[in-house]
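Dumping the structure here so I can ask a few things about it.
Read-outs throughout are calculated quantities, based only on the coordinates presented, and are distinct from any laboratory measurement. What you see is a predicted model, and the numbers here were worked out from it, not measured in a lab. Reconstructed Cβ throughout: ideal geometry from the backbone, glycine too, with neighbour counts over all protein chains shown.
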Amino acid sequence: MKIGVIVSSTRPQRIGPKVAEWVVSNAPEGVEAELVDLAEVDLPFLADPEPPAKGAYSEPTTIAWAETVSSYDALIMTVPEYNASFPATLKNAIDTLYAEWRDKPIGTVSYGWGGGARSAGQLVAVLEHLKAAPVEGPKLTFTEHLTPEGQILEAADEAELEALYAELGAKVPATV
């Protein structure tokens, strides 16, 4: 199984890559997990002239993003909580595509002072609307599970992450 682990924050001072690296480093045997950093994907804001539901992508960045998303059996989105929601860059990355999300198993690993619970909940609602197959995973709270600088602490539950990988694997359609 091949899983893309998305770093959704693009702020200059961010800890998303550290959280995503923890997710990748704890991938179970038989799972190929790769980092996908939205800062590197660098999508313009809804640049295609046609609505995403038409699937007529013409912008090179949109085409490349669609190919990236489609290349994975599942995704895990690492998502901070910014002002009680998830980052605009992640919303733009989601809204840029349409059909690629249908039936795609997508896990969340959220983080923040409240564990990112509100951002994860809102993200799951958006993914459900797009007919993806969302799975909520660990909610990392500052000072309990990780430092504000992004150092993962011993209290971060790797078993919860293992359960997320297992549930995503169960949602991936079997290949013939």
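Kindly indicate whether any position in the range 37-56 is under 28 Å from residue 162 (Cβ atoms) and of a type outside the set (A, V, I, L, M).
Yes, because at least one residue in the range 37-56 is under 28 Å from residue 162 (Cβ atoms) and of a type outside the set (A, V, I, L, M).
Can you find a residue that is under 16 Å from residue 110 (Cβ atoms) and in contact with a Pro (Cβ under 7 Å, 6 or more places away or on another chain) anywhere in the range 11-33?
Yes, because at least one residue in the range 11-33 is under 16 Å from residue 110 (Cβ atoms) and in contact with a Pro (Cβ under 7 Å, 6 or more places away or on another chain).
Follow-up question, since we're still on this one. Working carefully through the options 140, 123, find the one that is part of a helix (DSSP H, G or I) and in contact with a strand residue (DSSP E or B) (Cβ under 8 Å, 6 or more places away or on another chain).
123
Among the residues of the range 42-63, are any touching a residue at least 60 places away in the same chain (Cβ under 8 Å) and either under 16 Å from residue 100 (Cα atoms) or touching a Phe, Trp or Tyr at 6+ places or on another chain (Cβ under 6 Å) (or both)?
Checking the range 42-63: not a single residue is touching a residue at least 60 places away in the same chain (Cβ under 8 Å) and either under 16 Å from residue 100 (Cα atoms) or touching a Phe, Trp or Tyr at 6+ places or on another chain (Cβ under 6 Å) (or both).
Would the range 71-81 turn up any residue that is over 22 Å from residue 171 (Cβ atoms), in contact with a Phe, Trp or Tyr (Cβ under 9 Å, 6 or more places away or on another chain) and touching a residue at least 24 places away in the same chain (Cβ under 8 Å)?
yes
Further question on the same structure: Quick check on my filter: what residues within the range 1-20 are in contact with a Phe, Trp or Tyr (Cβ under 9 Å, 6 or more places away or on another chain), part of a strand (DSSP E or B) and under 12 Å from residue 40 (Cα atoms)?
none
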